[in-house]
Structures are given as structure tokens and as C-alpha cells.
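A.B. asks: One structure is given below, represented as C-alpha cells, and several questions about it will come after.
The values are calculated or read from the model by the stated rules, or taken from the named source; none is laboratory data. Not measured: the values here are computed from a predicted model. Here Cβ is always computed from backbone atoms with ideal geometry, including for glycine, and neighbour counts include all displayed protein chains. Surface accessibility is based on the protein's heavy atoms, side chains included, excluding ligands, DNA and RNA. Shrake-Rupley method; radii C 1.70, N 1.55, O 1.52, S 1.80 Å.
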Number of protein chains: 2
Amino acid sequence: MAEAWATLGVDLYVEPAGPGLRRGLTDALREAVRTGRLAPGTRLPSSRTLAVDLGIARNTVADAYADLVAEGWLTARQGSGTRVADRTVTPPPDMARPRRERTRSAYDLRPGTPDLATFPRAEWLKAARRALASAPNDALDYGDPRGRVELRTALAGYLARARGVRTDPERILICSGITHGLTVLAGILRARGAHTIAVESYGLPPHWRLLTAAGLRTAPLPFDERGTDPRELTGQAAVLLTPGHQFPMGGTLHRDRRAAVVDWARRTGGVVVEDDYDGEFRYDRQPVGALQGLDPDHVVFAGTASKSLAPGLRLAWLVLPPGLAEEAARAKGYHDTCGALDQLTLAEFLNSGAYDRHVRAARLRYRRRRDALVARLGREAPQVRATGIAAGLHVVLRLPPGTERAALRAATWQGLALHGLHAYRHADAPGECPDALVVGYGTPPEHAWNGALDALCAALSE
Amino acid sequence: MAEAWATLGVDLYVEPAGPGLRRGLTDALREAVRTGRLAPGTRLPSSRTLAVDLGIARNTVADAYADLVAEGWLTARQGSGTRVADRTVTPPPDMARPRRERTRSAYDLRPGTPDLATFPRAEWLKAARRALASAPNDALDYGDPRGRVELRTALAGYLARARGVRTDPERILICSGITHGLTVLAGILRARGAHTIAVESYGLPPHWRLLTAAGLRTAPLPFDERGTDPRELTGQAAVLLTPGHQFPMGGTLHRDRRAAVVDWARRTGGVVVEDDYDGEFRYDRQPVGALQGLDPDHVVFAGTASKSLAPGLRLAWLVLPPGLAEEAARAKGYHDTCGALDQLTLAEFLNSGAYDRHVRAARLRYRRRRDALVARLGREAPQVRATGIAAGLHVVLRLPPGTERAALRAATWQGLALHGLHAYRHADAPGECPDALVVGYGTPPEHAWNGALDALCAALSE
């Protein structure tokens, strides 16, 4: 009974100063409210709780509270306890500053984010409940730098079945995004003395920037209708590729070139990094198997839940060759591991089949969007040629030469957030960059999709 | 109807090769099972689903499945579909390797991890349900590098109320651990040209190592009965302190020294990093208010959910001075942010009062353990003096000179995992290191606590 106080109520830090306990406590509380440290509406502990916490008489606290209620700093109401009064708001200057909002377009057609309205919230919570019910206590401890073994095991099975990846759980590294994984890999390559990594002529500038920041020069390979040309691979330490679905051009790396890349890696000991960012989304035929399946000893396979579920989960994975797995786990370290609960939940989501169901439903929705987009543009903007349409959550719309900037202006005018192909081209890429728009059709929620399509057609048929 | 296939079943990657579709598919599936890519028990898609996915006739798939069932590679059972047979296990050498288990002692008395059996799983799930029900869709997108605004707002209120921290949500940075936050800070300090950071004579070697790895020399300050002595602070760029509860010695920084540290920071522009790793756990009087409250413009306050809830959440926070907040958000970047769902859940957990309830219940449990520990040792090992007992999840047991190594050997013999004080002493610390044991009493689950205490008493009364 004497200890019951300890578990009731809320914590309040207050340091009574000066002579006289009641006066000191009243002053300290008033000061905390006046300066905004205690925000309006904040619930204070009961006088009994605070008295025990402070080691003073309960009446002293009750008197101080009563003084401050009388002064208007606090309010006391039956049932809701004592709270900081609302009308004492004098926010410090910092808090009065209006929050900056990124200017938003009416429709976001930049690639990279799936339709977040379709995130399977109820299914995810069910999986979280099952995962947490069966998790051992030590799943909540500081974890293995590679990530929870439950998730690595589930991924090893899933990636083998659905993507043709050859691995075991020991060689999987859970990270908080493909960018996180690339940062880890770049650090290892630099530590081995590497200076240059080959990349594609088209790709994600943030990836190039993080590689540069890690001390690696990014050297783009030529690109043609069969995809990225690996013939210029020579002494580079590694090559970063999107063989399953070139980002953003959309094609699949030709099988002769897949073989050539693997040959290069075997011959030189180079590392191939396969960014399989949206391998789950292929519409017209079977997904291309992972390049990693050709040579698990030289290819790093990188996948993510950012497109198939949501970027906010911050869950991605590297499948590493035996010679890199331990080094990568050491380089990642235990301090930037991902939350255990989401890892356990994703493992349960995969094992229960909910992931397959979700991906297949999403694939159908996105395919319908792609079909509608291609059909509408064929009718209303025949000068535009949609390419890279067999997979993924975006298409490339080829434009008549010299019209990309005008098309972007028209799109902005129509309320669209949209990038041109030039935004994804490496500054050192050889050859010419065709004029084109990169249109992500995954992002708009279902109710906004038709409006987005109307706006795009209006921009392109002007 | 024609599209219904797309959302049913599971995905399977298989690439039929050679002449004859049935033969090619059979060979490809057999190979996938034989090499272990498809693990025993893996469920295959229905013949209908796979046929549509591959764009071939359903009978071809059904025939291939039938062949492989006949050969014993697959099993087909009414209701559970077609699966990879169990008896075909030929794991590749990698998978056959026995998993390495860290050798475990019977009782873990190393500090750092709370009793994970008391993690409030049901309350956490309730909070997750409420958080996910009310979260906007864009909470699931790539987020603000500082972390979700809901959590930063909840923390600003909680830390002000419970720890006397003065801040607003704009200056809070969510990170995946205090180590993560220190890594970000170390990078900023290095980029500003700093070479040295003052640390305490006793502390966490992993913190020192990460600071060293970031390019900062760690220079320990002297330590005496009033805590760490700041008089040797001169031209260092920053100082890392545990003023509320010195780790591991357990004392509180004397108030004159608190003032001196803040004076130094104001005078020199130095940065004070306040590691408030276990500020929630104080037993005998009110928690000491955060040093940050004395000068929010020069003190970085670092807190964590690792002790109050569980390390596996990977959630911690920095409260930054205005001059560091934007730089820290940039340095952290968006790629190693924490999962949005756990952030939203912790915000709801704080706002609903569940956090206060959990902390107060835990405080009571840990105080009882501490009381039992101190009482037992007083009776059974009177040569040992327990210090630093007013707060936290560990005590320091001072030993007669020259007996630390013998005591550690006796503890190991009794099945205890335990560290001596020397393990937490900086190699360059001035003066002598007393002989002592650092005993974390938070980690053992309730049912093991009495056994752990018996073993400790047995080790020390030998």
C-alpha cells in the first residue's frame, strides 16, 4: 500500500526553490507554465502523487495547486484532474513560427512511392499481433546487426521462390532502405581501396550522391536499346545495375549482357550490385529472375519493402556473397539496426502469405492504371510514345525532340508534379539524352487517379 | 473474372528451358528443389495461377506437378495444395553450418538492458492500433529526416513535464539509438574542424570507439566524489556527460559543476552532450532535472526508449540547440530514418499516459530489486559497499583493493555474466581505478531474479 503511489499518475519534474515549501513549489510551477515548458492542457500529477514524489506533505502540494488555480494558471475539474489552463498560452518565439509546408501539386506523378492508401493496415496489425504474441523476450533486446533471424529466414524463402535468388539467412542484411545498404557497401569498397564504381547512364541521383559522399567516383556505362552496355567494365571495383527493370528507362537487361556482367565479375573479382527496387511488379509475363541467381558469389541483391508495402516501414535487404556478408554486418554495426517489431511483423506477413496476396492485388491495380494511361495517351497524345511499360510503377513517355521542357511547363500548369528524363541522367553519361517524361503512376490514391490522368493528357495534347 | 488469377495464390519464379514446355518446366522445378532454392514445405502456386503467370496451358503445369509428385520432389494434398516434399532435404553446405550461439551464462547482470519480460506487449499493440487508425497516408511515405512530427510533439511535451527539458518539436531528432545520435553529432563536430571531445573517466567504451571512428580524440576528465571535474575543459569542441546519473559510477553531477559546465559552453561555444540514458529511473527523491534546462542553447539532450521500454524498438532522441538542429537533420539524412509505425505508436503511447504508467510500474519493480540487493549484500558480504544506488538499473559494488579479478572469477564460476569497473574505465583516465563490480539488476526476468541474487551473494561471500 505504501508503494501504490509509485505506479499511479504521471511524472512531473519541478524543483522548488527559495524559502517556504509552499511558496517555492508555487513559484516553480508558475514559472514552468509561464515559460511554456508545461504546455496548455498538460495534465499534472495528483497532489498525492506529486507529494510522494517530492517527499513533502500532500497539503503543501494541494495548497500550491489551489493558489495557481486561483491565479488562473491551472484548472481543476472533477474527473479530469489538474491541468495547465488554456488561456495562459504564451508560446516561445520558436514555437510560434509557422511550420513550413512543402508546396504541393494537385497530383504527384514522380516515381518512387506506391499508393499509400492501399497499405494493408488491418492485415499488418493482425500480423503484428501474431508476431508479438510468439516473439521471445530477447527479440526486444539489442539485436544481431544483420537483423532478426525470423525476417532473414522468411526473406530467404520468399526471394528464392519469387525472385530466383539463391541464399541462406546468414547472408542477408536487413537495412532501413536500399540507400542504407548502398552506404554500407560503399564504405566496404572504399575500405578495400576502391576508387570508382560503374553506374548506369540513367538512375537515381541520390544514389550517385551517396556513393560520391562515400568517396567513390561514379562512372556511367553507355546505354542502348538492349540496356546498359557492360563492355566498358574494366578495372572498376563494382557496378550498380537495375537489370530486372532499368530505372527509369524501364527495359530488361539483355541476357547476353547479363552473362557478360557476371563474366566480368568472375574475371576481375568485381562486385555487381543488383538494385531490384520493384521486382514484384511485372505485368505481361513472368518476372525476370534475379541476376543474383546466376552467380550468388559475385552479385549483391538489394530489395525493399518501399514499393511493395510502404517507404515508411524503412525495411530493405541486401543478399550478400559469402565474401562480403560478415564485413557488411560489421560495417553496419548494431547501432543503426531497424526496429525489431516491424521486422518480426514483416516476417509473419511473408510467412502467412499476406505479402503475396497484397503484392498480387497491387499488381492488378497498377496494371489497370498502366493500361488506362497507355490507352488514353494513344488516343489523345499520339506524338508521345510510352516505353518501359512491361513492369514497375512508372513509364517513360518519349517526346518529339526539343519538347521536354515545354512539356514539363505544361504539366506544372496542369498541377502535376513530374520529372523529365534529364533529371535522371548522369552528368557524365555518353551520347544524347532523348526528350521524355518519367511518369510514376503508383503514387496517386485511387480517387485521384482519373484526375491525374486527365491533367497529364491535357498537358501533353496541348 | 479474367483478372481474378492475378490476386490469388503465391508468386513463383521459374524459367523453363530446353525443348518441350512440360519437360522444361519439370526440369526447372526439379532443379529448384534439388539445389535447395525452394525449401522443403514451400507452398507452390496452384497450377492455374502458375499457368497464367507463365502464359502457358494449365494442363502443362498440372502435368509437370504430377511428374514431380511421382518422383517424390513434391507432395500434393487435398486442401493444402502442392508443396515441396520434406524428404528431399539436401541443404547446401552454407545452411548446414550450425548457427553460432553466444555462450550464455545462467544469469546476466551486465547493465544496459531492462527486464524484457515486462515489455507491455498488449498496451503497445493497443497503441499501435490507435496510431495506425488515425495516421494520415503520408505518414507511410519517406519521412522527415527529423522523424515523425507526432512523436516529436509528444516527446517535447513529455520531456518538458518529466525531465525539465526546454524545447519544441522542431529541434528534436528521432534516431535509432543514442549511439546513432552520437554518430550524427560526431560527424557535425568533425565537419566543423573539431579534433577532441572531452569524456568522463568512466563510461561506455562503444561510445568512445564510435567517436574515435568518426575522427575525434576522446580526452577523459578527472573524476572524484562530486562527479566529473569540468575544470580541465578548455579548448575541446564538446563534452559528453551523464550528469543525471553517472554511468556507471551512479552519482549525480554536483550542482556547482553543472553550472561550471554550462559556463564553459557559453564562454567557448563548446557543445555539451547530456546522455540521459536512464533519467526515468530515480528512486529516493525527484529526478534531477535535465542539465539541458539550464541552457538549451548549448546542451544537446539525448534520451532513449531502450531502458524505459526495450532496446529492440531502436528509438531514441536528441534535443538540439537551435544552432545544431538543421545541421543534424541534414547530416542524418532521410535514408536512415526509423520506421514510421513504431514512431507513431510511441507518440500514442506517450500521449495516452501509457508510458507514464509503464515507467512508474517499472520503477517500483526495479526499486524492490535494488532494495533486496542492498539488504542481502549488507548481511552476506559486508566487505562490499554498494554505491550509486539512488537511481538507474545498476549499482557499483566497491570491493577491497586488489580483489576485482578474483570476484569476477567467482562470479563466472557461479554462472553470472558480469563486468568489473575496469571494463568501463577510459584508458587515458587520470588517477587510480578502484576495484568494483558493476551489477545491472534490470536484465534478469522476475522468475530468475532471486537465483541471480543468490549467485551474486555466493560469489561475493566466498
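A.B. asks: Looking at the protein assembly as shown, what % of its DSSP beta bridges pair antiparallel, to the nearest 5?
C.D. replies: Numbers: 54 of 88 bridges.
In the protein assembly as shown, approximately 60 percent of DSSP beta bridges are antiparallel ones.
A.B. asks: A further question on this structure: Taking each pair of different alpha-carbon atoms in chain B once, compute 1/r for the pair, average those values, and report the inverse of that mean as the Kirkwood hydrodynamic radius in Å to one decimal.
C.D. replies: Kirkwood hydrodynamic radius for chain B: 25.8 Å.
A.B. asks: Chains A and B: how much accessible area gets covered up at their contact, both sides added, probe 1.4 Å, in Å² to the nearest hundred?
C.D. replies: 7900
A.B. asks: Compute the accessible area per residue over the range B:362-461, keeping the other protein chains in place, probe 1.4 Å, unit Å².
C.D. replies: Details: 4210 Å² over 100 residues.
In whole numbers, the range B:362-461 has 42 Å² accessible per residue.
A.B. asks: Using only Cα atoms, find the angle between the long axis of helix B:404-413 and the longest principal axis of chain B, and express it within 0 to 90 degrees, rounded to the nearest 10.
C.D. replies: Roughly 30 degrees between the two axes.
A.B. asks: Given H placed on each backbone N at 1.01 Å, which residues far from B:T42 in sequence or on other chains put an amide H within less than 5 Å of it?
C.D. replies: Here the answer is B:V84, since their amide H atoms fall under 5 Å of that of B:T42.
A.B. asks: A further question follows. Which ³J(HN,Hα) values in Hz, rounded to whole numbers, follow from the phi angles of the range B:151-160 under the Karplus curve 6.51 cos²θ - 1.76 cosθ + 1.60, where θ = phi - 60° and Gly and Pro get x?
C.D. replies: 6, 5, 5, 4, 5, 4, x, 5, 5, 5
A.B. asks: Would you mind telling me the share, in percent, of accessible area of the protein assembly as shown contributed by carbon and sulfur at probe 1.4 angstrom?
C.D. replies: 52
A.B. asks: For the range B:362-461, what is the per residue volume of the convex hull drawn over the alpha-carbon atoms, in cubic angstrom?
C.D. replies: 100
A.B. asks: Follow-up. May I ask you to derive the FRET efficiency for B:A259 and A:A213 from their Cβ-Cβ distance with R0 = 41 Å, giving the value to the nearest 0.05?
C.D. replies: Numbers: r = 40 Å, r/R0 = 0.98.
E between B:A259 and A:A213, to the nearest 0.05, is 0.55.
A.B. asks: With θ set to phi - 60°, apply the Karplus curve 6.51 cos²θ - 1.76 cosθ + 1.60 along the range A:43-53 and write out the HN-Hα couplings as whole Hz, x wherever there is a Gly or Pro.
C.D. replies: Going residue by residue, I get 7, 8, x, 4, 4, 5, 4, 5, 4, 5, 4 Hz, with x marking Gly and Pro.
A.B. asks: Using Cα positions and a limit of under 29 Å, work out the lysines in reach of A:K332, with same-chain residues fewer than 8 apart set aside.
C.D. replies: Partners within reach: A:K307, B:K307, B:K332.
A.B. asks: Okay, moving on. Once you have a ≥ b ≥ c as the square roots of the Cα gyration tensor eigenvalues for the range A:168-314, tell me rounded if a/c is under 1.5, and otherwise prolate or oblate according to whether a/b is larger than b/c.
C.D. replies: Working: a/c = 1.36, a/b = 1.06, b/c = 1.29.
Here the range A:168-314 falls in the rounded category.
A.B. asks: Can you give the FRET efficiency to the nearest 0.05 for A:C433 and B:D454, using r as the Cβ-Cβ distance and R₀ = 51 Å?
C.D. replies: 0.10
A.B. asks: Now for a different question. Looking at chain B, send over the antiparallel percent of its DSSP beta bridges, to the nearest 5. Don't jump to the answer; show the numbers that get you there.
C.D. replies: On the way: 27 of 44 bridges.
If I count the DSSP bridges inside chain B, around 60 percent turn out antiparallel.
A.B. asks: Answer rounded, prolate or oblate for the range B:242-365, using the Cα gyration tensor with square roots of eigenvalues a ≥ b ≥ c: rounded when a/c is under 1.5, else prolate when a/b is larger than b/c, else oblate.
C.D. replies: Verdict is oblate for the range B:242-365.
A.B. asks: Additional query: Which aspartates and glutamates, if any, have their Cα less than 20 Å from the Cα of A:K126, not counting same-chain residues under 8 positions apart?
C.D. replies: Excluding near neighbours in sequence, the set is A:E150, A:D342, A:E348, A:D356, B:E123, B:D342, B:E348.
A.B. asks: Then there is this: Counting only C-alpha contacts under 8 Å and six or more residues apart, can you give the relative contact order of the range A:362-461 as a whole percent?
C.D. replies: The value is 32 percent.
A.B. asks: Using only Cα atoms, find the angle between the long axis of helix B:121-134 and the longest principal axis of chain B, and express it within 0 to 90 degrees, rounded to the nearest 10.
C.D. replies: Compared with the principal axis, the helix lies near 70 degrees.
A.B. asks: Here's a follow-up. How high is the relative contact order of chain A, in percent, with contacts defined as C-alpha pairs under 8 Å that are six or more residues apart?
C.D. replies: On the way: 825 pairs, mean separation 88.5, N = 462.
Reported as a whole number, the value is 19 percent.
A.B. asks: Report the FRET efficiency, 1/(1 + (r/R0)^6), for A:R266 and B:H422, where r is their Cβ-Cβ distance and R0 is 56 Å, rounded to 0.05.
C.D. replies: So, using R0 = 56 Å, E works out to roughly 0.65.
A.B. asks: As I understand it, the dipole of the range A:199-313 uses +1 on the Cβ of Lys and Arg and -1 on the Cβ of Asp and Glu, about the Cα centre. Which of A:Q236, A:G289, A:L253 lies farthest toward its positive end?
C.D. replies: The residue sitting farthest along the positive end of the dipole is A:Q236.
A.B. asks: Which residues, if any, in the range A:315-329 lose at least 50 square angstrom of accessible heavy-atom surface (probe 1.4 Å) when the other protein chains sit next to their chain rather than the chain being alone?
C.D. replies: Listed by number, the residues meeting the 50 Å² cut-off come to none at all.
A.B. asks: Could I ask something else about it? About the Cα centre of the protein assembly as shown, how large is the charge dipole given +1 on each Lys and Arg Cβ and -1 on each Asp and Glu Cβ? Please answer in debye to the nearest 20.
C.D. replies: Charge dipole, the protein assembly as shown, about its Cα centre: 1020 debye, nearest 20.
A.B. asks: Quick one: Karplus J couplings for the range B:434-443, per residue in order, coefficients 6.51, -1.76, 1.60, θ = phi - 60°, nearest Hz, x for Gly and Pro?
C.D. replies: In residue order, the calculated couplings are x, 7, 6, 10, 9, 10, x, 9, x, 6 Hz.
A.B. asks: For A:D115, which sequence-distant residues (separation of 5 or more, or a different chain) have an amide H within less than 5 Å of its own amide H, given hydrogens modelled in the peptide plane?
C.D. replies: none
A.B. asks: Whose amide H sits under 5 Å from the amide H of B:A219, counting only residues 5 or more places off or on another chain, with H placed in the peptide plane?
C.D. replies: B:I197, B:A198, B:V199
A.B. asks: In the range B:121-355, what percentage of the DSSP-assigned beta bridges are antiparallel, given to the nearest 5?
C.D. replies: So the antiparallel bridges in the range B:121-355 amount to around 40 percent.
A.B. asks: With a/c under 1.5 counting as rounded, go ahead and sort the protein assembly as shown into rounded, prolate or oblate using the C-alpha gyration tensor (a ≥ b ≥ c being the square roots of the eigenvalues; past the cut-off, prolate if a/b is larger than b/c, else oblate). Show your work: numbers first, answer last.
C.D. replies: Numbers: a/c = 1.91, a/b = 1.59, b/c = 1.20.
In terms of gyration-tensor shape, prolate.
A.B. asks: Please give the per residue accessible area of the range A:198-311, computed with a probe of 1.4 Å over protein heavy atoms only, in Å².
C.D. replies: Computed with neighbouring chains in place, this is 33 Å² per residue.
A.B. asks: Still on this structure, I have one more. Could you tell me how many degrees, from 0 to 90 and to the nearest 10, lie between the Cα long axis of helix A:446-460 and the main elongation axis, the longest principal axis, of the Cα atoms of chain A?
C.D. replies: It is inclined by approximately 50 degrees.
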